[in-house]
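This report refers to the structure that appears directly beneath it.
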Amino acid sequence: LTDVQRHAVYLALLRKLGNDGQPRRGGLAEVAHAFDVHVKTVMRIWKRAEESAAAGELVPDVRARRASSGRKRNQVDMAAKLADAPCSARTSLRAMASATGVPRTSLWRLVNRGTIRKKHPERNIKGEPRYEAAEFVLP
């Protein structure tokens with residue numbers, strides 16, 4: 001579910017409240033059927049909203065918690081490593097990998113992400129390159 005859908009589920013649950021502040025019997029199942037999700041999903045959204053309300057938040061937080069999931073990447077100061085590499089070592093990923101100590105596959109991943117890009121040689125009026133090889137540079 002998106003965060004907007006989660007909030008809509010929470011609002012639908014608020015309409016199904018009984019006198020004791022809890023969803024009335026069958027309310028969770030009705031909301032789950034209306035949004036075509038499992039009852040456990042609706043229960044999890046309700047529980048998360050109750051926890052955030054107990055913490056003193058004015059608007060209950062029912063967002064999905066995806067921020068800290070996945071593999072943690074090593075932070076490498078790529079700008080400093082590229083600046084330390086001589087220009088002759090920036091012509092290919094293999095040469096740059098050996099000059100900087102960063103694996104070639106990691107450099108390729110940075111090229112695909114757009115963190116570094118290949119700068120092609122400038123051309124003169126006749127269309128000939130001004131210098132021989134392309135270099136990898138930070139955008």
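The values are calculated or read from the model by the stated rules, or taken from the named source; none is laboratory data. In this text, all values refer to a predicted model and were calculated from it rather than measured experimentally. A quick note on method: Cβ atoms are made from the backbone with ideal geometry, for glycine too, and the neighbour counts reach across all protein chains shown. Remember, those area values only see protein heavy atoms, side chains included, never the ligands or the DNA or RNA. Shrake-Rupley method; radii C 1.70, N 1.55, O 1.52, S 1.80 Å.
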Q: May I ask you to say which residue of A89, A99, A95, A134 is surrounded by 14 or more Cβ atoms within 10 Å (Cβ to Cβ) and at pLDDT below 80?
A: A134
Q: Report yes if some residue within the stretch 3-14 is in a loop (DSSP other than H, G, I, E, B) and either surrounded by 10 or more Cβ atoms within 10 Å (Cβ to Cβ) or at pLDDT 85 or above (or both); otherwise report no.
A: no
Q | Within the stretch 41-61, tally of residues that are open to solvent by less than 90 Å² (accessible area, probe 1.4 Å) and either at pLDDT below 75 or among the acidic types (D, E) (or both) | A | 3
Q) Which residue pairs have Cβ atoms closer than 8 Å, lie 6 or more positions apart in sequence or on different chains, and pair a first residue in the stretch 45-57 that is of a type in the set (D, E, K, R) with a second residue that is not in a helix (DSSP H, G or I)? A) R48/P60; R48/D61; R48/V62; E50/P60
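Would you be able to tell me the number of residues in the stretch 52-93 that are part of a helix (DSSP H, G or I), farther than 16 Å from L11 by Cα and not hydroxyl-bearing (S, T, Y)?
If we filter the stretch 52-93 for residues that are part of a helix (DSSP H, G or I), which is where we start, we get 52-54, 78-84, 87-90, 93.
Now drop any that are not farther than 16 Å from L11 by Cα, which leaves 54, 78-84, 87-90, 93.
When the remaining residues are screened for being not hydroxyl-bearing (S, T, Y), the result is 54, 78-84, 87, 89-90, 93.
So the count comes out to 12.
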Q. Going by the conditions given, is R24 open to solvent by 30 Å² or more (accessible area, probe 1.4 Å) and within 26 Å of the chain's Cα centre (by Cα)?
A. no
Q. What are the pairs, 6+ residues apart or on separate chains, where a residue within the stretch 98-115 that is at positive phi has its Cβ under 9 Å from a residue that is part of a loop (DSSP other than H, G, I, E, B)?
A. G114/P139
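Only one of R94, R63 is basic (K, R) and under 19 Å from R117 (Cβ atoms). Can you tell me which? Write out each step before concluding.
Values: R63 fails: under 19 Å from R117 (Cβ atoms).
Within the list R94, R63, the selection yields R94.
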